[in-house]
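Some notes on the structure that comes next.
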């Protein structure tokens, strides 16, 4: 039976419908937020998984019909998820996952289908709301609800879920998700925001998240199903105690080995020895190897947690606010437009910057208003970076997410298209990883941009913070390494300039963090960020003034927008001719890598790119000649291109020809134009303007020096008049 619930959320209505659609799902809701409509459905398997992890899948299905678009390509249907869909699914997964018991093993799937999109009402936040509510009203044991909002700052005011028009004016944009009481997920981008502004934005968002959670609770009270009891993974406490007594001391020594690979190797040895020992001790129980492995894995986490929380000692011996050794250099690769290597401990990133024409921007086939992207950061994480083998293929969710975070951090300092009319691509190749490779990508990417001569507004560095909790005690860690990330409770990544924050991301494994923890983490991150920036600016203090010799140079001119069609020509004939004739010898097609690139924009802006400035100069001259307009009464030097009985045609420049009538060739009477001029002659002419048919008329007679002109006499005027009358008859 259909039920409907309505809530006025800051002047915009949220409508929830349930009981009519997708009734066989364990929980399903249709959520309307303005004209944005999302169907969220949750289902759970009755079978307990055999793995030692919780198999949760969150899907965010973008349907292009939701914005009135037909998919591109030959197949004409939605294909693999876009990057934006992948990032939206991650934003939903991250706050939901901590709300399940850590020993829960039944597979759960949450499917969000985007049915209609209003750009002023975020479909991502609507889907997060719907996902939480679908789980909340279902039989699935979910300890929610959770919700999320987008906080924008315009001037001094914070705005919840800003419209598309407001987003463009925001100097800070933060996605905040959480429960009624705590924050559990953050995604932020800002124009160098202060730590205090960022904290205020987070708390402002949390206040409104609470309102949405309370609305969900009111719905769950009415239509919520009783939660089923499921079998949770458990181990006999006595067996746990046995394993702990056997392995704890050796594990403590293993995690404190400073070299990552040596430490991991010893940890594996301890685990293998422990499993073997208890398998021999209890040979009749087939489950013992799996149980022993689970316990010894937990011991590793407990040892790290106890070491940090109680003794304030990190596995590699650092202080809680100490950064691993840093190094960086630029220009590793001679033929790229910019390159840099950044190393922090055993995490190393190689970043390259490539500059291209504006026409080479990325085309986005998604649900947003923006359909192109001028700045891109791509992140690659090969298996060899952690000394492992594995599958190679398309980038996964993690690579897309890390790339998006780095892109957001650096985008804030990228010059505008008017200041620097290039498409910019940064690629980060992770060569070695022991935690926080996304932040190393930001540092290396920034250095490569500066080495490439991109006039960024300020250098940007990133640092990853961690949180270890034990009871009521907690410790915030600077520059977490792999084991601290794996065993810890929070991954808090902060990037920014000396002036302020440009990007922030937080994931947690517990159910939320408090304001005090966030404040402390932000302050500790700022100290580390400034230390890293000092290193980076010692390598290259500012962006280079000159681009790489292999980077395309540019020149930009503005022409009358009405003349764009003349430059393009019929079917692109003229622009093709210009490119082929002005490019270096040997270029036969406009797609040739050595061909000059010409970007023609609707507002009359023309941008020409090539590595050779002479090629650019030739191309611009040709275009200027095509769009150049003849001024009435002005003297020009032109070349005779054709001679007829009634006069001659003169080319003033490529694409501009005019007629010099026989009567305008000389002061005296001319019987045959060929007596005065021949093809190829350069002559001086004066513009007489265009006739009513758009033909340009020129005069050689009017352009002759005064000494060559004869003052007309009464007799000559009379003779000329007689000739004209005779012609008219």
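Please treat every number below as a calculation from the coordinates, not as lab data. All values derive from a computational prediction rather than experimental measurement. Note that each Cβ is placed from the backbone with ideal geometry, even for glycine, and that neighbours are counted across all protein chains shown.
In terms of the ratio Rg/(2.2 N^0.38 Å) built on C-alpha atoms, what value belongs to the stretch 529-639?
Here the answer is 1.46, to two decimals.
Computed from the Cβ-Cβ distance with R0 of 41 Å, the FRET efficiency linking residue 577 to residue 80 stands at 0.55. Here the label points at residue 558 and residue 679, each 7 Å from Cα along the C-beta direction, are separated by 4.2 nm in the simple model. Under 18 Å from a point placed 7 Å out from the Cα of residue 417 along the Cα-to-Cβ direction: which residues of the stretch 592-618 have their backbone N that close? Label zone hits: 597-609. Once Rg and the Kirkwood radius are both taken over the C-alpha atoms of the stretch 1-83, their ratio Rg/Rh works out to 1.06. Here the stretch 168-269 was treated as a single set of alpha-carbon atoms; its pair distances binned every 10 Å from 0 give 11, 20, 16, 22, 27, 5, 0 percent.
Order of 218, 138 from fewest to most other C-beta atoms within 10 Å?
With the fewest neighbours first, 218, 138 line up as 218, 138.
Under the criterion of Cα pairs below 8 Å and six or more residues apart, the relative contact order for the chain equals 9 percent.
Highest first, please rank the peptides 493-506, 171-184 by the mean number of other Cβ atoms sitting within 10 Å of their residues.
Highest-to-lowest ranking by the protection proxy: 493-506, 171-184.
Length gained on full extension, residue 611 to residue 319, computed as 0.36 nm times the residue gap minus the Cα-Cα distance: 100.1 nm.
Per residue, the convex hull spanned by the Cα atoms of the stretch 610-679 measures out at 100 cubic angstrom.
How large is the helix-only mean residue ellipticity at 222 nm for the chain, computed as the sum of -39500 (n - 2.57) over DSSP H runs with n ≥ 4, divided by its residue count, in deg cm²/dmol to the nearest 500?
Estimated from H runs of four or more residues: -10500 deg cm²/dmol.
Relative to the longest principal axis of the Cα atoms of the chain, the long axis of helix 515-539 lies at roughly 50 degrees. Measuring spread by the Cα atoms of the stretch 326-539 yields a radius of gyration and Dmax of 17.3, 56 Å.
Could you pull out which residues in the stretch 186-210 have an amide N less than 15 Å from a spot 7 Å beyond the Cα of residue 156, following the Cα-Cβ vector? Output list for this probe position: 197. Measuring r between the beta carbons of residue 4 and residue 24 and using R0 = 30 Å, the FRET efficiency lands at 0.90.
Legend: ranking of residues 649, 278 from fewest to most surrounding C-beta atoms inside 10 Å; resulting order 649, 278.
Each residue of the stretch 3-223 gets 144 Å³ once the volume of the Cα convex hull is shared out per residue.
Relative to the current alpha-carbon distance between residue 499 and residue 695, full extension at 0.36 nm per residue lengthens the span by 64.4 nm. Taken over the alpha carbons of the stretch 224-351 as equal point scatterers, the Debye sum produces base-10 log I(q)/I(0) values at 0.12, 0.15 Å⁻¹ of -0.66, -0.82. With each label modelled as a point 7 angstrom along the Cα→C-beta vector, the residue 565-residue 286 pair spans 8.0 nm. On a 0 to 90° scale, report how tilted helix 437-451 is relative to the longest principal axis of the chain, with both axes built from alpha carbons and the result rounded to the nearest 10. It is inclined by approximately 20 degrees. With both residues required to sit in the stretch 326-539, DSSP beta bridges show an antiparallel share near 90%. Relative to the longest principal axis of the Cα atoms of the chain, the long axis of helix 288-311 makes an angle of roughly 80 degrees. With each label modelled as a point 7 angstrom along the Cα→C-beta vector, the residue 276-residue 232 pair spans 3.5 nm. With 0.36 nm allotted per residue and the present C-alpha distance subtracted, the residue 621-residue 473 stretch has 46.1 nm of extension available. Can you give the FRET efficiency for residue 333 and residue 591, using 1/(1 + (r/R0)^6), R0 = 25 Å, r = Cβ-Cβ distance, to the nearest 0.05? Step by step, r from the Cβ atoms, then E = 0.50. Across the stretch 158-208, Cα-Cα pairs more than 12 Å apart make up 62 percent of the total.
Cut-off is 10 Å between beta-carbons; in what order do 685, 426 appear when sorted fewest neighbours first?
Numbers: 685 26, 426 29.
In increasing order of surrounding Cβ atoms, one gets 685, 426.
Based on alpha carbons, the Rg and Dmax found for the stretch 237-311 are 12.6, 40 Å.
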